[in-house]
Amino acid sequence: MTVNYTSYNERSDCMGKYETPDYEVVTKENEYELRKYVDFYIVEYENTEDPEVNNAFRTLFRYISDNNKENEKIEMTVPVIQEGNELNRKMAFVVPKKYDDHIPEPNNQNLSVTKFDEGLFATILYSDRSNASKEQKMKDKLEKGYSKQSNVMVAKYNGPATPSFLRRNEIWVRVKT
């Protein structure tokens, strides 16, 4: 089963059209999917003085609003990806494909452009507002049966004004089959 999502609108969400990374669904079982993502770029916020990433979204939003070396406004994409451990977390925006050859360089020292390498990811979808308890429950479900090759990531697809019952969240982990 191949799914090449390039417009979030194709997923029946009220947010409108937002570009997402392309992937192929390798297998699907209940709420789990094994996906093969292709390479894509992210702009990632990491700041050891802000381990809870409290300033991450605002900093990333300023970057796409034109706070970059080219002073270029960059389209919003989904999902917003969070990754990390107890000591330090990161947050990232997906860079639109049209910038693959020339990604505007961040002005902020806590932002970096990183290639998100292609690979297999075990994923689980859940709705409603995300919180630490719900994320942990989903992480525990997902980690059974796969050889984990990365930190667990939380992918959030909706803005803060989206009603809870319409929210889309996912847990991703790079795996080896």
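In table form, for the structure just shown:
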read-out	value
Subset of the range 130-177 [among the hydroxyl-bearing types (Ser, Thr, Tyr) and modelled with pLDDT of 85 or more]	Ser130, Ser133, Ser150, Tyr157, Thr162, Ser164
Residue in the range 15-23 that is aliphatic (A, V, I, L, M) and either at pLDDT 95 or above or assigned to a strand (DSSP E or B) (or both) present	no
Residue match in the range 88-97 (condition: farther than 21 Å from Glu49 by Cα and surrounded by fewer than 19 Cβ atoms within 10 Å (Cβ to Cβ))	yes
Enumeration of residues in the range 36-74 that are within 19 Å of Asn158 (Cα to Cα), out of contact with any strand residue (DSSP E or B) (no Cβ under 6 Å at 6 or more places or on another chain) and either in a loop (DSSP other than H, G, I, E, B) or of a type in the set (Asp, Glu) (or both)	Asn54, Asn55, Ile74
Residue count, the range 73-119 (criterion: acidic (Asp, Glu) and in contact with a helix residue (DSSP H, G or I) (Cβ under 9 Å, 6 or more places away or on another chain))	1
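Residue-by-condition table, conditions (1) farther than 30 Å from Thr177 by Cβ; (2) surrounded by 14 or more Cβ atoms within 10 Å (Cβ to Cβ):
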position	(1), (2)
Asp66	yes, no
Val80	no, yes
Glu83	no, yes
Ile103	yes, yes
Pro106	yes, yes
Ser147	no, no
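Conditions (1) charged (D, E, K, R); (2) in contact with a His (Cβ under 6 Å, 6 or more places away or on another chain); (3) more than 17 Å from Glu83 (Cβ to Cβ), marked per residue:
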site	(1), (2), (3)
Met138	no, no, no
Glu143	yes, no, no
Ser150	no, no, no
Gly159	no, no, yes
Leu166	no, no, yes
Glu170	yes, no, no
Val173	no, no, no
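The values are calculated or read from the model by the stated rules, or taken from the named source; none is laboratory data. In this text the structure is predicted, and so the values were computed from the model without any measurement. Counting neighbours? That spans all protein chains shown, and the Cβs are built from the backbone with ideal geometry, glycine included.
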